[in-house]
Amino acid sequence: MGRHTVRVDGHNMSVFEEGSGARTLVFLAGSGISSPILEYRALYRALADICRVVVIERFGYGYSDVIDSERSFGTIVRQDREALNKAGIEGPFVLCPHSMAGVEALKWAADYPSEVEAIIGLDMAVPEAYDTIEKRIKGAETTLKLVSFLKRTGFIKIMSNEMLSIPKTLTKDEKKEYRSIFYSKFGNICVMNESEAVAEVRDELKGRPKPDVPMMLFVSNGKMTGDDEKTWRSFPKTYAEGMDNIRIVEVNAGHNLYNIETSMINSTIRDFLS
């Protein structure tokens, strides 16, 4: 239990596990989430009494190394699977992807169907969400430039936790730890290379049959995604057309809904797992 550091492709990857139970939930972080272990803590701790919860920190995230190499989603899935294996964590898994990790989870389920028992989307992105990938990359680059400027000038150190989107549910020490990781990891080369690989996996997934696994997709009101509510919620609805194994749960909260409607999401996941 606790955090493991394992060697993958000659570098350190961080994997966290807590709790026990018949099922293993694997949390996969959205793009640019500096500290996945702390970001999703409120929700996974609420579930740790009924299942084993695992958080993977991809290269460039949390306590994992930053490496300057290609970040195709085939590589990302391979590295995540190897990290779990080296940490002694066996499947099948219930994947819990947030945001961009949605396409990672869909590729994982398509490539290795025996390993994925279900997918619980935490406002996860589906391939349709990246039909305007150029707009999203431009938005990410603008954010990166702003944060780089704030780092150079030192202004970022006086910004509030709310301005940095640090979860309110964390303790004082955990918020301090999150800020430290944010300063060192936000917008690094791994994150940028992942963004450039999204268009390729989007096209790949659109050309393949959709994974035949149960899915429950929590969908936000679009705040913090760059899209209005109607547009953002249209993406999972379009993806789910013609499928009877997907349940969509609309949540009146922004992109970090897991830290806003934690209680509701916790109880709904428990019902889904049972």
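Assorted remarks:
- Screening the stretch 1-66 for strands (runs of 3 or more DSSP E) wholly inside it with 1 or more residues that are modelled with pLDDT of 95 or more and surrounded by 23 or more Cβ atoms within 10 Å (Cβ to Cβ) returns the ranges 11-18, 24-28, 52-57.
- Scanning the stretch 68-93 for residues that are open to solvent by less than 10 Å² (accessible area, probe 1.4 Å) and not hydrophobic (A, V, I, L, M, F, W, C), we see that the one that is farthest from residue 3 (Cα to Cα) is 71.
- Failed condition for residue 123, given (1) on the phi < 0 side of the Ramachandran plot; (2) charged (D, E, K, R); (3) open to solvent by less than 10 Å² (accessible area, probe 1.4 Å): (1)
- Which numbered condition residue 96 misses (of (1) of a type outside the set (Asp, Glu); (2) within 30 Å of residue 230 (Cβ to Cβ); (3) touching a residue at least 60 places away in the same chain (Cβ under 8 Å); (4) open to solvent by 20 Å² or more (accessible area, probe 1.4 Å)): (4)
- Yes/no for residue 110 being hydrophobic (A, V, I, L, M, F, W, C), surrounded by fewer than 21 Cβ atoms within 10 Å (Cβ to Cβ) and under 21 Å from residue 198 (Cβ atoms): yes
- Taken over the stretch 247-274, the criterion of being β-branched (Val, Ile, Thr), open to solvent by less than 70 Å² (accessible area, probe 1.4 Å) and over 12 Å from residue 47 (Cα atoms) is satisfied by 248, 249, 251.
- Number of positions in the stretch 141-195 that are surrounded by 18 or more Cβ atoms within 10 Å (Cβ to Cβ), of a type in the set (Gly, Ala, Ser) and at pLDDT below 65: 0
- Residue, least open to solvent (accessible area, probe 1.4 Å), within the stretch 202-219, restricted to residues that are more than 14 Å from residue 97 (Cβ to Cβ) and either of a type outside the set (Lys, Arg) or under 20 Å from the mean Cα position of the chain (by Cα) (or both): 202
The values are calculated or read from the model by the stated rules, or taken from the named source; none is laboratory data. Remember, it's a predicted structure, so these values are computed and weren't measured experimentally. We place every Cβ from the backbone using ideal geometry, glycine too, and count neighbours over all the protein chains shown. Heads up: the accessible areas ignore ligands, DNA and RNA and are worked out on the full protein's heavy atoms, side chains in. Shrake-Rupley method; radii C 1.70, N 1.55, O 1.52, S 1.80 Å.
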